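The structure under discussion appears below in the form of structure tokens.
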Amino acid sequence: MAQLKKYAPNRELGTALVVALIAALAAAPLFAGGRKDAGNQQSGNQQKNFSVLVYITGMVAGSPTYELLAAGAESFAVSHSNVTVKVYEAGFNQAEWEEQLTSLVASGDFDLVLGSNPSLPEICVNVGKKFPNQKFIITDAEYPGNPQISTYLYNQYEQSFYLGYLAGLVTTSKMEHANSVKKIGFIAAQEYPLLSKHIVPGFLDGARRVDPEITIDFRVIGNWFDANKAADLAASMISAGVDVFASIAGGAAQGMIRTAGEQGAYVVFHNTNEYKLAPGVIVGCGLMEQKKLTEEILADVLAGKIQYGTSRTIGLKDGYLDFIANDPGYSGVLPQAIQDRFNAFMNDMRAGRVSYTVPAL
Ligand code: RBF
């Protein structure tokens, strides 16, 4: 009996050891690559693994702000072996964005969600309530006051203001396709506060610094991909007297550029260098340093320097917005008198000598 008694506990211990071993083996692969194990991998020179989800609210291709965000994150990962980046395209159905982000965050795979869209912070607030440890950094947006979210707002009133000034110089000029009507055009994919309160007013205010009689013809496509609709709108606007366009329309802007080229009108373009797309048609391009900002943000994240709960506004003075003048698409196309006036205006803008009021968002 004594032997039996002795034997019984031993068998239980053996079983427990086997169970523990199986459990450990089963759990090992789960933890090996996952975020939760990252802290345990610090040894010697090995740095903590850091995983970033680049959440694209649309598609990357054709949308400059998204292309630059993804490029910045990917180039940062190339130069930092401990950083992994997953670029996820959420598509154009905005009603699905929150659900998609929720399931990605629920995986627990990402130390940081990085995005670029004015409507994203509110979605992150909702997702963040369910996952209080998740951090979000969103550019092209303003949302102070939430301890899980940090935002960076480009001063798009400012960029639109100087692109509007250039459009004003062109529409009042004697250039080949400039008519006598003092009317500029703006084609938007959809209306949202940053567009209606900063981008479109900035564009018109800038043009009116050239001539207060300039008016704007503003049209909305209804989505971010329908280039044919944008082309139709552009044609109708040209018939109504528009000779210079701007747009915030993602991939759909291609249709507007095509029509402007075919029917004889000009385009000024926000955020990226697109001169080569339509030489002689696209006569001015703004610059948004979103790739640089993305790389700086990730460096700050690794250095623990991000202040969550805050929003920063960045623009011309800090070097995050500018105008691309050193390109033959500008310097070889616009009459010298227009370039001289515009370059002087840009210098005044950079030096803070032009006064304007950015409306509240
Ligand atoms: N910009 C794009 O270039 N492509 C897009 O697909 C796109 N989708 C957007 C969806 C929403 C709901 C909002 C509010 C903005 C979107 N933008 C898009 C605009 C973009 O975030 C930014 O404001 C503009 O590109 C001006 O810099």
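I need the Debye-formula profile for region 243-316: one equal scatterer per C-alpha, no solvent, reported as log10 I(q)/I(0) at q = 0.11 1/Å, two decimals.
-0.42
Rank-order 190-199, 90-99, 111-120 by packing density, defined as the average count of other C-beta atoms within 10 Å over each peptide's residues, highest first.
111-120, 190-199, 90-99
Counting only DSSP beta bridges with both residues in the chain, what percent are antiparallel, rounded to the nearest 5?
5
Can you show me the helix-derived [θ] at 222 nm for the chain, built from DSSP H runs with n ≥ 4 at -39,500 (n - 2.57) apiece and divided by the number of residues, rounded to the nearest 500.
Mean residue ellipticity, 222 nm, calculated: -13500 deg cm²/dmol.
Any of K48/K129; K183/K292; K174/K291; K129/K291; K48/K197 with alpha carbons more than 31 Å apart? Name them for me.
Over 31 Å apart, Cα to Cα: K183/K292; K174/K291; K48/K197.
So, by mean Cβ neighbours within 10 angstrom, what's the order for 338-345, 68-75, 271-278 with the highest one leading?
68-75, 271-278, 338-345
Using 17 Å as the cut-off for backbone N distance, which residues of region 239-258 belong to the label zone defined by a point 7 Å from the Cα of V358 along Cα→Cβ?
Taking a point 7 Å out along Cα→Cβ of V358, no residue of region 239-258 has its backbone N under 17 Å.
For region 52-111, rounded, prolate or oblate, judged on the Cα gyration tensor with a ≥ b ≥ c (square roots of eigenvalues), a/c < 1.5 rounded, else prolate if a/b > b/c?
oblate
How do the peptides 297-308, 321-332, 249-260 rank, highest first, by the average count of neighbouring beta carbon atoms within 10 Å per residue?
Packing order, densest peptide first, comes out as 249-260, 321-332, 297-308.
Between D211 and K292, what FRET efficiency follows from the Cβ-Cβ distance if R0 is 45 Å, with the result rounded to 0.05?
Efficiency for this residue pair is about 0.80.
My understanding is that a pair violates if its Cα-Cα distance is over 21 Å; which of K182/K276; K86/K135; K182/K317 do that in this structure?
As for pairs spanning more than 21 Å Cα to Cα, those are K182/K276; K182/K317.
Taking N as the number of residues in region 71-230, what is its alpha-carbon radius of gyration divided by 2.2 N^0.38 Å?
1.32
Tell me the Kirkwood radius of the chain: reciprocal of the mean inverse pair distance over distinct alpha-carbon atoms, in Å.
Final number for the Kirkwood radius of the chain is 22.7 Å.
The numbers here are math on the coordinates, done by the rules we state, and not lab data. All values derive from a computational prediction rather than experimental measurement. FYI the Cβ positions are ideal-geometry reconstructions off the backbone, even for glycines, and counts take in every protein chain you see.
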